[in-house]
Amino acid sequence: MNERYLIINADDFGLCPAMNQAICELFRMGSITSSSVLAPAPEAVAACKYAVDGHFPVGVHWTLYSEWERSCWPPAYSSGKPSSLTADGCLPADGGAAAKRAASGDVTKELDAQYRLMAGEGCLPDHADSHGGTLYGINGRFFFINAFRLCQKYRLPFRFARSPSFLERQFCGNVSPALKAAHAGIIFLADRMKVSLPDDFITHPLPAEKIRDYEDLCSYYEAQLTAAPSGITEVFLHPSVPDPGMLRLTPQWRKRVWEYEYLKSGRLAHFLEKEGFRTVSWKTAPFPNK
């Protein structure tokens with residue numbers, strides 16, 4: 001595969017009205033090729049409806065936790081019995097703590113229920129990915145196995161980069177031998193289970209307070225994409241229209257607004273054309289195990 005294919009994915013579809021508005025607008029402009037629905041989030045059903053009505057290609061953004069302490073996200077799966085995934089009927093706000101206490105069987109039921117929640121709205125996911133990386137094993141829990149089994153069941157590709165380059169970016173070059181070995185083990189398992197993975201993925205790893213300004217954010221993405229090899233790469237962002245209420249809730253919202261402005265400006269599209277990328281969705285990308 002000599003071509004450079006790029007999936008432009010907007011995460012957190014369904015998180016709030018401001019993100020739904022941004023993602024729908026960017027789809028209609030042709031500025032993104034994919035999105036991921038955060039199924040337990042407050043506006044997820046609305047996001048599914050927008051996706052169905054607009055024929056937007058979307059995946060399931062599997063999560064074991066909610067985004068903030070002050071919001072209660074009920075799990076998609078409910079048996080009427082206590083679950084290791086919930087506290088007072090809500091998914092916890094701390095992803096690391098959620099993963100540590102979760103029982104594997106409860107994780108599988110919840111991930112499956114999140115897929116089926118979308119499917120029940122007529123919105124069939126075309127891929128799966130992990131909100132906050134809680135399914136990648138970096139928390140000491142091997143929930144990527146649960147994810148891969150469901151990817152087998154529903155014939156979904158999964159967001160986990162075959163190349164270890166993403167580790168260097170996400171951990172700012174401080175990658176231990178144990179992490180490298182774990183990465184190789186996950187790739188081996190995905191191949192054994194015939195779960196398709198992209199060759200690489202790119203997102204901005206720093207919080208808003210460590211990004212100098214809008215130009216700094218844009219330059220980061222462009223530098224990483226310039227270095228992207230041939231194969232299938234995904235770049236994923238979290239775009240939102242400006243929302244003063246969300247900005248008061250978290251200063252990180254500024255980064256989401258910058259990513260929205262970057263995608264809307266056309267600057268990324270112009271850059272990709274200059275670099276010779278072929279943009280695709282998860283559905284149209286030439287994965288070998290389709």
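Read-outs throughout are calculated quantities, based only on the coordinates presented, and are distinct from any laboratory measurement. If you're wondering where the values come from, they're calculated on a predicted model, not measured in any experiment. So basically every Cβ, Gly included, is an ideal-geometry build from the backbone, and we count neighbours across all protein chains shown.
Just a few scattered comments:
- Trypsin sites (Lys or Arg not before Pro) within the range 38-115, DSSP loop, no more than 14 other Cβ atoms inside 10 Å: R70
- Paramagnetic reach from L206 in the range 215-248 [backbone N under 16 Å; point 7 Å along Cα→Cβ]: 215-225
- Residue-averaged 222 nm ellipticity for the chain, from DSSP H runs of 4+ at -39500 (n - 2.57), nearest 500: -13000 deg cm²/dmol
- Annotation for the range 168-211: chymotrypsin sites (Phe, Trp or Tyr not before Pro) lying in DSSP loop with at most 13 further Cβ atoms inside 10 Å of their Cβ are F171.
- Annotation for R192 and R116: the two label points, set 7 Å from Cα along the Cα-Cβ direction, are 2.8 nm apart.
- Projected over every direction and averaged, the convex hull enclosing the alpha-carbon atoms of the range 169-234 yields 5.6 nm².
- Here is the size of the range 162-289 from its Cα atoms: Rg then Dmax, 16.4, 47 Å.
- Full-extension gain in nm, A223 to E168, via 0.36 nm per residue minus C-alpha separation: 18.4 nm
- Potential lengthening between V175 and C72 on full extension [0.36 nm per residue; Cα-Cα distance subtracted]: 33.6 nm
- Distance cut-off 33 Å, percentage of C-alpha pairs in the chain lying past it: 16 percent
- What separates the Cα centres of the range 114-146 and the range 37-79 is a distance of 11 Å.
- Across the chain, C-alpha contacts under 8 Å between residues 6 or more apart give a mean separation that, scaled by the residue count, equals a relative contact order of 25 percent.
- Filter on K109/K153; K153/K194; K180/K283; K194/K283 - keep pairs with C-alpha separation over 20 Å: K180/K283
- Sites excluded, GluC sites (Glu not before Pro) in DSSP loops with at most 14 other C-beta within 10 Å, longest stretch of the chain: 70-290
- Isolated cysteines of the chain, defined as having no other cysteine beta carbon under 4.7 Å away, are C16, C24, C151, C172, C218.
- Equivalent ellipsoid dimensions for the range 56-191 as semi-axes, Å, which come from the Cα gyration tensor, largest first: 25, 19, 14
- Cα convex hull volume per residue for the range 200-273 (Å³): 86 Å³
- The slack between I138 and A103, meaning 0.36 nm per residue of separation minus the straight C-alpha distance, is 11.0 nm.
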